[in-house]
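The values are calculated or read from the model by the stated rules, or taken from the named source; none is laboratory data. Computed from a predicted structure; not experimentally measured. Cβ sites come from the backbone with ideal geometry, for glycine too, and all protein chains shown count toward neighbours. Ligands, DNA and RNA are excluded from the accessible area calculation, which covers all protein heavy atoms including side chains. Shrake-Rupley method; radii C 1.70, N 1.55, O 1.52, S 1.80 Å.
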Amino acid sequence: MITLKDCTKAELLWIINRLCERSIFRSDYELSLVLNDLELQREQKRLEEASRLNTQSYNARQRALDLLAPYEGKPYSEIPLEIAEQADAAFAEARSLDKKWCKLMNM
């Protein structure tokens with residue numbers, strides 16, 4: 001669970017506004033509810049970013065596979081260098097996005 005010390009300035013302002021929406025701040029319980037809402041909001045944002053990275057990684061891999069599809073079953077020597085370089089760049093982009101995803105998901 002997060003505490004007020006873990007919050008950014010913008011998050012602290014959000015918490016204050018959220019508490020002001022309630023008629024009167026009565027207890028630590030209300031603060032814990034608001035902090036739980038904030039934690040949920042953070043988690044949703046993190047998961048949305050992870051989903052975006054995952055989609056981009058998939059698209060990069062798909063680009064590479066589409067480039068290589070006409071050469072399926074043929075020797076590597078028949079793949080033009082330009083196509084191989086483009087496919088390698090797409091795979092490298094996918095690996096980079098996967099690293100960002102893993103870091104975001106604490107893996």
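Below is a table of values for the structure above.
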| quantity | calculated |
| --- | --- |
| Pairs where the first residue, in the range 57-71, is over 15 Å from Glu85 (Cβ atoms) and the second is surrounded by 12 or more Cβ atoms within 10 Å (Cβ to Cβ) and modelled with pLDDT of 95 or more, C-beta under 6 Å, 6+ apart | Ser57/Ala94; Ser57/Leu97; Ser57/Asp98; Arg61/Ala94 |
| Residues of the range 34-74 that turn out to be modelled with pLDDT of 95 or more and acidic (Asp, Glu), as a count | 3 |
| Arg63, sole failed condition from (1) among the basic types (Lys, Arg); (2) closer than 27 Å to Glu43 by Cβ; (3) surrounded by 14 or more Cβ atoms within 10 Å (Cβ to Cβ) | (2) |
| Residue, modelled with the lowest pLDDT, within the range 81-107, restricted to residues that are part of a loop (DSSP other than H, G, I, E, B) and open to solvent by 100 Å² or more (accessible area, probe 1.4 Å) | Met107 |
| From Leu12, Leu53, Leu38, residue being touching a Lys or Arg at 6+ places or on another chain (Cβ under 7 Å), within 24 Å of Leu104 (Cβ to Cβ), open to solvent by less than 70 Å² (accessible area, probe 1.4 Å) and in a helix (DSSP H, G or I) | Leu53 |
| Residue satisfying all of: in the range 15-25; over 12 Å from Leu38 (Cβ atoms) and surrounded by 10 or more Cβ atoms within 10 Å (Cβ to Cβ); modelled with the lowest pLDDT among these | Phe25 |
